[in-house]
Amino acid sequence: AQSVTQLDSQVPVFEEAPVELRCNYSSSVSVYLFWYVQYPNQGLQLLLKYLSGSTLVKGINGFEAEFNKSQTSFHLRKPSVHISDTAEYFCAVRPSGGSYIPTFGRGTSLIVHP
Amino acid sequence: NAGVTQTPKFRILKIGQSMTLQCTQDMNHNYMYWYRQDPGMGLKLIYYSVGAGITDKGEVPNGYNVSRSTTEDFPLRLELAAPSQTSVYFCASSSQGTGGLGEQYFGPGTRLTVT
């Protein structure tokens, strides 16, 4: 079984400032990692994913995340946020083999102020 | 491709009523999922299906039923609605196995209120 912890339920930040949304996971097997974004009143959409290879993963809208196996983390970063980045962000993990059922974190609400 | 579509977008039910939430995907994905989302609680898996004719319970299946007669459709049935089922419901699909990397595609959601 695996679990995901998103350490911050809410992250307020000013426009054009950098941001980091934290995600830690636990698993007894190797995993794939995902970040999804949910804009108000919409479904989730994939932001980026880590499957294998380079630990720095780039996604849409200027976001990137780094997989750190020793710290079991997959933090999401953006160097300069925009008002339109205001949304709920979910980290998810699933085993790389066997069960294809992902486990989601509780989400982090990113609030960008002008 | 329309992706994953859900109907209705909104619904108000009285306690004890029943309804079916519809979900259709046109990507020929084998896996389909139903989640509920409550404020601050993330996504909870209700049921999932690995292919037509095969369904299994998730984390919170009580009060719900599903069927998967075709690859495209995965309806969620609520019997005897209760206020605790007030939530936003999301359907998702993914392609697993050869060529499928497992990311999920989500529908726009159904906002259900039970009063």
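The values are calculated or read from the model by the stated rules, or taken from the named source; none is laboratory data. As the structure is a prediction and not an experimental result, all values here were calculated from the model. So basically every Cβ, Gly included, is an ideal-geometry build from the backbone, and we count neighbours across all protein chains shown.
Taking the residues in region A:1-21 that are assigned to a strand (DSSP E or B) and among the hydrophobic types (A, V, I, L, M, F, W, C) as candidates, determine which candidate is farthest from B:Arg36 (Cα to Cα).
Of region A:1-21, the ones assigned to a strand (DSSP E or B) are A:2-6, A:10-14, A:19-21.
Pick out the ones that are also among the hydrophobic types (A, V, I, L, M, F, W, C) and you get A:4, A:11, A:13-14, A:19, A:21.
Details: A:Val4: 17, A:Val11: 23, A:Val13: 28, A:Phe14: 31, A:Val19: 28, A:Leu21: 23 Å.
Ranking the qualifying residues of region A:1-21, first place goes to A:Phe14.
Which residue out of A:Arg77, A:Arg106 is under 15 Å from the mean Cα position of the chain (by Cα) and either closer than 24 Å to B:Val88 by Cα or in a loop (DSSP other than H, G, I, E, B) (or both)?
On the way: A:Arg77 fails: either closer than 24 Å to B:Val88 by Cα or in a loop (DSSP other than H, G, I, E, B) (or both).
Residue meeting the stated conditions: A:Arg106.
Could you name every one of the strands (runs of 3 or more DSSP E) located completely within region B:5-60 that has at least 1 residues being over 21 Å from B:Ala82 (Cα atoms) and either modelled with pLDDT of 95 or more or out of contact with any Leu (no Cβ under 8 Å at 6 or more places or on another chain) (or both)? Don't jump to the end; show me each part of the working.
Details: elements: B:10-13, B:19-25, B:31-37, B:43-51, B:54-57.
Per the criteria, B:19-25, B:31-37, B:43-51, B:54-57.
Can you work out which of the residues in region A:20-39 that are touching a residue at least 40 places away in the same chain (Cβ under 8 Å) and farther than 28 Å from B:Gly109 by Cα is surrounded by the fewest Cβ atoms within 10 Å (Cβ to Cβ)? Before the answer, list the steps.
So in region A:20-39, the residues touching a residue at least 40 places away in the same chain (Cβ under 8 Å) come out as A:20-27, A:29-39.
Keeping just the survivors that are farther than 28 Å from B:Gly109 by Cα gives A:26-27, A:29-30.
Values: A:Ser26: 13, A:Ser27: 17, A:Val29: 12, A:Ser30: 10.
Among those that are touching a residue at least 40 places away in the same chain (Cβ under 8 Å) and farther than 28 Å from B:Gly109 by Cα, it is A:Ser30.
Yes or no, residue by residue, for (1) in contact with a Phe, Trp or Tyr (Cβ under 9 Å, 6 or more places away or on another chain); (2) within 9 Å of chain A (Cβ to nearest Cβ); (3) of a type in the set (Val, Ile, Thr):
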site: B:Lys44; (1), (2), (3): yes, yes, no
site: B:Val50; (1), (2), (3): yes, yes, yes
site: B:Tyr64; (1), (2), (3): yes, no, no
site: B:Thr70; (1), (2), (3): no, no, yes
site: B:Glu79; (1), (2), (3): yes, no, no
site: B:Pro83; (1), (2), (3): no, no, no
site: B:Tyr89; (1), (2), (3): yes, no, no
site: B:Ser94; (1), (2), (3): yes, yes, no
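Specify the residue that is farthest from the chain's Cα centre (by Cα); the eligible residues are those in region A:22-56 that are more than 14 Å from chain B (Cβ to nearest Cβ) and assigned to a strand (DSSP E or B).
Taking the candidates together, the pick is A:Ser27.
Table: residues versus (1) of a type in the set (A, V, I, L, M); (2) under 25 Å from B:Arg36 (Cα atoms).
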{"residue": "A:Tyr39", "(1), (2)": "no, yes"}
{"residue": "A:Gln45", "(1), (2)": "no, yes"}
{"residue": "A:Gly62", "(1), (2)": "no, no"}
{"residue": "A:Val112", "(1), (2)": "yes, no"}
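Answer with yes or no whether A:Ala92 is within 14 Å of chain B (Cβ to nearest Cβ), closer than 29 Å to B:Gly58 by Cβ and in contact (Cβ under 8 Å) with a residue 60 or more places away in the chain. Please lay out each step first, then the result.
Values: within 14 Å of chain B (Cβ to nearest Cβ): yes; closer than 29 Å to B:Gly58 by Cβ: yes; in contact (Cβ under 8 Å) with a residue 60 or more places away in the chain: yes.
Answer is yes for this residue.
Taking the conditions exactly as written (in contact (Cβ under 8 Å) with a residue 12 or more places away in the chain, away from chain B (no Cβ under 11 Å) and within 30 Å of B:Val60 (Cβ to Cβ)), does A:His75 satisfy them or not? Steps first, please.
Details: in contact (Cβ under 8 Å) with a residue 12 or more places away in the chain: yes; away from chain B (no Cβ under 11 Å): yes; within 30 Å of B:Val60 (Cβ to Cβ): yes.
Judged against the criteria, A:His75 is a match.
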